[in-house]
1. Enumerate the amide H contacts of HIS258 below 5 Å, restricted to partners 5 or more residues apart or on another chain; note that Pro and chain-start residues carry no placed amide H.
2. Given the peptides 131-143, 66-78, arrange them by the average over their residues of other C-beta atoms within 10 Å, most packed first.
3. How high is the relative contact order of the chain, in percent, with contacts defined as C-alpha pairs under 8 Å that are six or more residues apart?
4. Projected area of region 5-91, taken from the Cα convex hull and averaged over every viewing direction, in nm²?
5. Residues with amide H under 5 Å of LEU63's amide H, sequence separation 5 or more or different chain, H placed in the peptide plane at 1.01 Å from N; which?
6. Of the listed values (1) 20.2; (2) 21.7; (3) 21.1, grab the one calculated as Kirkwood radius over Cα pairs in Å from the structure here.
7. How much FRET efficiency would the formula 1/(1 + (r/R0)^6) give for ASN188 and LEU272, where r is the Cβ-Cβ distance and R0 is 25 Å, rounded to 0.05?
8. Could you give the Stokes-Einstein D for region 120-219 in µm² per second, using the C-alpha Kirkwood radius, 10 °C, 1.306 mPa s?
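Throughout, read-outs are computed from the coordinates displayed, never taken from laboratory work. Keep in mind that what you see is a predicted model, and the values were worked out from it rather than measured. Note that each Cβ is placed from the backbone with ideal geometry, even for glycine, and that neighbours are counted across all protein chains shown.
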Amino acid sequence: MANSAPGVCRIADMNPNPDDLLVLLAVSRSGKFTTAAQDLGLNHTTVSRRIAALEKALGGRTLARAAGGWELTELGAEAVAVAERIEAAVGTLDAEDRAPDPIAGVVRMTATDGFSAYIAAPAIARLRKQHAGLSVEIITVTRRALQQRSGLDLEVVVGEPQVHRAESVRLGQYMLGMYASREYLAANGSPRSVEELITHPLVYFVDSMLQVDDLDAPRRLVPTMRDGVTSTNVFVHVEATRAGAGIGFLPCFMADRHDDLVRLLPADFAELLPYWMVLRPDSMRRPAVAAVVRALQEETAARRDVLLGGV
């Protein structure tokens, strides 16, 4: 999608309504008319009418339907580049005696449960102490990177993503291992080999709902191990393992926080997986998104030893 200076000039020459351009900017950030309407204090009908008026003025479509929302066309991307300049210019009117903080507005991201809680949450909390106008929406989900990420500024996924029209950045790695509670081991015995381990129930993801191939390690390493408690949420894995439901295959950085959990057979079960970040091509133009990206990178690097299970 083009965002060059010639494109900006061409949009400006068409003399679109600046308010309509700002409406398009809001839609581009959320991917939805309803969310943009809420952010702008308008109703859905008004947003739709503003977009239609803008497209009439520009002589073409600015948005195209995508899975889960709307994405910018090439013309729309050029219009958004102009809208961002308008937004920045309006921001300079914030106060005469101080420059406006460019790290503001809503950033929308998805990430896995554990990463969201122990990496993203503290990183963003510290960032917001310096930039009170920043708001970050974190949607927790464990899945492959989306091919169409309308309404999302960034995704954090497990495994190298295979995506088009997006930028992929490797964040770091984390370790998974087999764990059981001390109480469970006292009652059921501590397995001393892989052969003994397969007689115990597994606490892990629901196999039929697991979308990430890299997370299939237990079924690959111990295919005859029967399921005990399964869930789509890794916090359920941790708590079910602590409660004695079986042996859990858990991220070390989550399990090692609990003294009642014991890691089993680390020489046999030490699965190292990568975290990747996926960004829309236009996302990094926003200072707020760029700041969140840097904060996540710094936090991941600072917690490297914890993520690797103390290795």
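1. Amide H neighbours of HIS258, under 5 Å, 5+ apart: none.
2. Details: 131-143: 16.1, 66-78: 19.1.
The most tightly packed comes first, giving 66-78, 131-143.
3. Relative contact order, the chain: 21 percent.
4. On the way: hull surface 20.9 nm².
Computing the convex hull of the Cα atoms and averaging its projections yields 5.2 nm².
5. So LEU63 has HN proximity to THR73.
6. It is the one labelled (2).
7. 0.35
8. After rounding, the answer is 91 µm²/s.
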